[in-house]
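The values are calculated or read from the model by the stated rules, or taken from the named source; none is laboratory data. Keep in mind the model is a prediction, meaning the values are calculated, not measured. All Cβ positions, even for glycine, are placed from backbone atoms using ideal geometry, and neighbour counts span all protein chains on display. These accessible areas exclude ligands, DNA and RNA; they are computed on the full protein's heavy atoms, side chains included. Shrake-Rupley method; radii C 1.70, N 1.55, O 1.52, S 1.80 Å.
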Amino acid sequence: MSLVDSKKMFEMAYKNGYAVGAFNVNNMEITQGIVSAIAEEKAPLILQISRGARSYANIDYLKAIIGVVVAQNPDIPVCMHLDHGDTFETCKQCVDDGFTSVMIDASGKPFEENIEITKQVVEYAHDHNVVVEAELGQLGGIEEDVVGVSQEDIGKHLTDPEQAIEFIEKTGCDSLAIACGTSHGAYKFKVEPTLAFDVISGISEKIPGYPLVMHGSSSVLKEFKDLINKYGGDMPNAMGVPESAIGEAAKMAICKVNIDTDLRMALTAKIRQVFSETPGEFDPRKYLGPGREAIRKMVKRKLQVLGCSGKAAECA
Ligand SMILES: [Zn+2]
């Protein structure tokens, strides 16, 4: 199977009440950890590449790695997605590079401007059989150069369902990332958040079958937070979105859930542990290997939370 777009995945996810995991990749080990879990769980897969990842790794390396993923897993539908494209030019570049899905995030711009930029991307992408995710509303937290609002203000920047309907109709975007109380990064919240499920149901009541996307959905797992802090790290106040809330949203119109922070923390926790327990170790395979294994286990669990285990075949 070659790379696919996310249309069929979202159609099945919506219909059968689960969400597809979208995992950020920067290098070989992270990708391998994710893909081992996906292969074991037989789940559909969205591998996403941010602009930061593009410039860190060089897109040709990432494309080659994803090419191997596709070749070695013929039964798994794999979508290659641009995470947080900021301009038409970035999105166009990714379409030209062979991505099957791009995100244009003009959510920081005024409503009308967001519509204009998104429309332009949709037009170009659709001409090349590539699907488009757009964003409306503002999340909290920080992800690379995407800076959001503080937790106190998250409630004021939630996606307005009425506006979302107008936005979807005017732009023709294939899926929409919404602000429903989640937040980017490891320091999402000071107190445990509650998600605004009414934003999700408000949209799906008006456009049944339309796929929504949740960003900033890492859970900041205690296991990795504790390891990082035990082995010389400093992340005492990290807090994420409870897995139970993510599972609830996945049963609703949320068809794609983005995970990045949990991958970073799993890798970092294991590397710290190896460095601390065996300070004489200098073979990168001896610390990247355990990191990759921690990612595999974490992603397996995540797929069960999302409900997409065993769903590869119906999405292919
Ligand atoms: Zn995001």
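Residues that are more than 16 Å from the ligand (Cβ to nearest atom), assigned to a loop (DSSP other than H, G, I, E, B) and either surrounded by fewer than 23 Cβ atoms within 10 Å (Cβ to Cβ) or under 17 Å from the mean Cα position of the chain (by Cα) (or both): does the stretch 254-274 have at least one? No, that holds for no residue.
Just to check your reading of the model, which residue among L288, L221, L303 is aliphatic (A, V, I, L, M), open to solvent by less than 60 Å² (accessible area, probe 1.4 Å) and in contact with a Ser or Thr (Cβ under 6 Å, 6 or more places away or on another chain)? After ruling out the rest, the residue left standing is L303. Looking only at residues of the stretch 100-121 that are away from the ligand (no atom under 16 Å from the Cβ) and open to solvent by less than 10 Å² (accessible area, probe 1.4 Å), we find that the one that is farthest from N258 (Cα to Cα) is I115. When T90 is tested against the conditions (1) more than 15 Å from the ligand (Cβ to nearest atom); (2) in a helix (DSSP H, G or I); (3) open to solvent by 10 Å² or more (accessible area, probe 1.4 Å), the lone failure is (1). Condition test on L212, is it modelled with pLDDT of 95 or more and in contact with a Ser or Thr (Cβ under 8 Å, 6 or more places away or on another chain)? Yes: the conditions hold for L212. Scanning the stretch 185-218 for residues that are exposed (fewer than 15 other Cβ atoms within 10 Å of the Cβ) and not small (G, A, S) yields K190, V191, E192, T194, D198, E205, K206, P208. Out of curiosity, is G52 within 23 Å of G172 (Cβ to Cβ) and either within 19 Å of the chain's Cα centre (by Cα) or assigned to a loop (DSSP other than H, G, I, E, B) (or both)? No; evaluated as a whole, the condition is false for this residue.
Among the residues of the stretch 224-242 satisfying the criterion of being away from the ligand (no atom under 16 Å from the Cβ), open to solvent by less than 40 Å² (accessible area, probe 1.4 Å) and not aliphatic (A, V, I, L, M), which is nearest to V299 (Cα to Cα)? Residue satisfying both the conditions and the ranking: F224. Tallying residues that are part of a helix (DSSP H, G or I), touching a residue at least 12 places away in the same chain (Cβ under 8 Å) and either buried (at least 24 other Cβ atoms within 10 Å of the Cβ) or acidic (D, E) (or both) within the stretch 124-161 yields 3.
Might you let me know whether the stretch 128-139 holds any residue that is within 12 Å of the ligand (Cβ to nearest atom), acidic (D, E) and on the phi > 0 side of the Ramachandran plot? There is no residue in the stretch 128-139 that is within 12 Å of the ligand (Cβ to nearest atom), acidic (D, E) and on the phi > 0 side of the Ramachandran plot.
For the stretch 73-83, the set of residues classified as open to solvent by 10 Å² or more (accessible area, probe 1.4 Å) and either touching a helix residue (DSSP H, G or I) at 6+ places or on another chain (Cβ under 8 Å) or part of a strand (DSSP E or B) (or both) consists of N73, D75, I76, listed by residue number.
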